[in-house]
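The values are calculated or read from the model by the stated rules, or taken from the named source; none is laboratory data. Please read all numbers here as calculations on a predicted model, not as lab measurements. Glycine gets a Cβ as well: all are built from the backbone with ideal geometry, and neighbour counts include every protein chain shown. For the accessible areas, the whole protein counts, side chains as well, though only heavy atoms, and no ligand, DNA or RNA atoms are used. Shrake-Rupley method; radii C 1.70, N 1.55, O 1.52, S 1.80 Å.
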Amino acid sequence: VVVDTALAHGVKVHLCVTLFSGHATFFNNPGARQTLIGNLIRLVAQRGIQGINLDFEAVPSSQQQGLTSFILEIAGALHTNLPGTELSIAAPAVNWSNTFDLPAIAPSLDLIMIMAYDFYWSGSDLAGPVSGYWPLTSSFNYAVNHSLSYYQSQGIAPEKLLLGLPYYGREWSVSANT
């Protein structure tokens with residue numbers, strides 16, 4: 001019902017596909033990759049939706065090539081079979097170890113959604129904003145502006161970037177004003 005209502009009101013709908021563990025098992029199985037791609041293309045076509053979002057998180061740097069290959073495979077299949085559909089990824093605020101090979105995958109992606117939140121999280125050693133624009137300290141130089149600058153420095157056009165910001169905050173128990 002939600003998908004039908006969104007489509008009836010001209011809202012784009014993207015099917016979100018998640019993979020948070022078992023990366024090597026998936027990336028090293030060509031049959032599993034092709035089955036998933038085929039199933040996703042069928043679902044997008046059946047529902048008349050506009051695209052797919054890949055939310056692959058905690059991918060180890062050892063799986064960079066598998067991640068890159070899969071993104072290129074699904075982009076090629078999606079754009080060939082359903083021209084005009086969009087492929088997007090949920091990209092980390094910080095591309096630790098360059099696991100996401102942006103120069104290789106960006107030309108095949110329609111949108112890159114930067115998950116610009118949890119710079120400071122419930123397990124952080126320091127209290128800070130979940131999604132601050134500027135870093136609070138020089139020892140932890142990560143914030144929204146750093147993420148945006150990084151992605152643009154990798155050649156990502158501004159019109160391909162989506163900035164994911166939270167609708168939540170954190171309440172911090174602190175022992176001093178520092």
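Of S21, G164, T137, which is farthest along the charge dipole of the chain in the positive direction, counting Lys and Arg as +1 and Asp and Glu as -1 at C-beta?
Checked the options; the winner is S21.
Which residue fluctuates the most in the chain, going by a Gaussian network model with Cα springs under 10 Å, if the choices are L136, L54, L102?
Ranking L136, L54, L102 by mean-square fluctuation puts L136 first.
For H79 paired with Q34, estimate the spin-label separation in nm (one decimal), with each label point 7 Å from Cα along the Cα-to-Cβ line.
2.2 nm
Place a +1 charge on the Cβ of each Lys and Arg in the chain and a -1 charge on the Cβ of each Asp and Glu, then give the dipole magnitude about the Cα centre in debye, rounded to the nearest 20.
Numbers: 6 positive and 11 negative charges, 52 e Å.
That gives a dipole near 260 debye.
Excluding ligands, DNA and RNA, what is the solvent-accessible area per residue of the chain at a probe of 1.4 Å, expressed in Å²?
Working: 9900 Å² over 178 residues.
On a per-residue basis, the chain sits at 56 Å².
Quick one: if you stick a label point 7 Å off each Cα along the C-beta vector at Q46 and A58, how many nm between them?
Here the modelled spin labels are 3.0 nm apart.
If amide H atoms are built 1.01 Å from N in the plane of the peptide, which residues on other chains or at least 5 residues away come under 5 Å of the amide H of L161?
So L161 has HN proximity to I112.
Note the full-extension length gain between K12 and S108 as 0.36 nm times their separation in residues minus their Cα-Cα distance, in nm to one decimal. Working shown, then result.
Details: separation 96, 0.36 × 96 = 34.56 nm, distance 1.92 nm.
Contour length minus the Cα-Cα distance gives 32.6 nm.
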